[in-house]
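Structure, as structure tokens:
The values are calculated or read from the model by the stated rules, or taken from the named source; none is laboratory data. Source: prediction; values computed, not measured. Neighbour counts run over all protein chains shown; Cβ positions are idealised from the backbone, glycine included. What goes into the accessible areas is simple: the full protein's heavy atoms, side chains included, and nothing from ligands, DNA or RNA. Shrake-Rupley method; radii C 1.70, N 1.55, O 1.52, S 1.80 Å.
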Amino acid sequence: MLRWLTSGRLPGRQTPGGHWRIEESALAAFSTGYTRQPLPAGDVLRVLIVEDEPSQAQALKRVIGLFAPNARIEHAEDGLTAGLLLGATLPCVAFVDIEMPRLDGVEVVRRARKMKSLEHTRFVVVSGRLTPERVAAL
């Protein structure tokens, strides 16, 4: 997402502290250009939000609700809980914050990628504190 923001493909503004802010309407317009993989018949979109900041988790829930009002959304506030919920819910997509208590998001994704049951799960890494060095490492 950072590349889309810095290239101007996704409209947003950077705060003086280096964080990015994106309007929900801009995100909605941006996302309509992407094709979605159909879910198997009778299946519901399962989403896991791994975010320790309540306001960020709520924002993600609202955006997901715009596109998938029937989605089943689970929320974990730390990396260890995320690991348990990943195995229990087998989400279609997981939004994972990088900096979290107990286990960081990078390690959550690294461990999840070793689980055969999660091989089709898509991971979206989110953070308010991305640096060029961190992006390169990710």
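Which distance in nm do the two modelled labels at R62 and E119 give, with both placed 7 Å along the Cα-to-Cβ direction?
Between R62 and E119, the simple spin-label model gives 3.9 nm.
So for the chain: antiparallel DSSP bridges make up what percent, rounded to the nearest 5? Let's see the in-between values first.
Values: 2 of 16 bridges.
Approximately 10 percent, going by the DSSP bridge assignments.
Near the amide H of F123, under 5 Å away, which other amide H atoms are found, from residues 5 or more places off or on another chain, if H is placed in the peptide plane?
HN-HN under 5 Å from F123: A94.
Could you give the accessible area per residue of the chain, probe 1.4 Å, as a whole number in Å²? Please report the intermediate quantities before stating the final value.
Details: 8890 Å² over 138 residues.
Heavy-atom accessible area per residue stands at 64 Å².
Just subtract the alpha-carbon distance of L103 and A71 from 0.36 nm times their residue separation and send over the number in nm, one decimal.
On the way: separation 32, 0.36 × 32 = 11.52 nm, distance 2.60 nm.
Length gained between L103 and A71: 8.9 nm.
Over the chain, what is the relative contact order in whole percent, taking alpha-carbon pairs under 8 Å and six or more residues apart? Display every interim value, and only then the final one.
Values: 176 pairs, mean separation 28.0, N = 138.
Once divided by the residue count of the chain, the mean separation gives 20 percent.
Counting pairwise Cα distances across the range 42-137, what percent come out greater than 17 angstrom?
Numbers: 2137 of 4560 pairs.
Percent of Cα pairs beyond 17 Å in the range 42-137: 47.
Only helical DSSP H runs with n ≥ 4 go in: add -39500 (n - 2.57) per run for the chain, normalise by residue count and round the 222 nm mean residue ellipticity to 500 deg cm²/dmol.
Working: 6 runs with 53 residues, N = 138.
Only helices count here, giving -11000 deg cm²/dmol.
Quick one: pull the percent of accessible area on the chain belonging to carbon and sulfur, 1.4 Å probe, ligands and nucleic acids left out.
Working: 4820 of 8890 Å².
Accessible surface attributable to carbon and sulfur in the chain totals 54 percent.
Based on the mean of other Cβ atoms within 10 Å per residue, sort peptides 107-115, 125-133, 95-103, 62-70 so the most packed one is first. Provide the component values of the computation, followed by the final result.
Working: 107-115: 16.0, 125-133: 14.4, 95-103: 19.1, 62-70: 12.6.
The densest-packed peptide leads the list: 95-103, 107-115, 125-133, 62-70.
If I stretch the segment between E53 and T131 completely, what's the gain in nm (0.36 nm per residue apart, minus their alpha carbon distance), one decimal?
Values: separation 78, 0.36 × 78 = 28.08 nm, distance 1.92 nm.
26.2 nm is the gain from fully extending E53 to T131.
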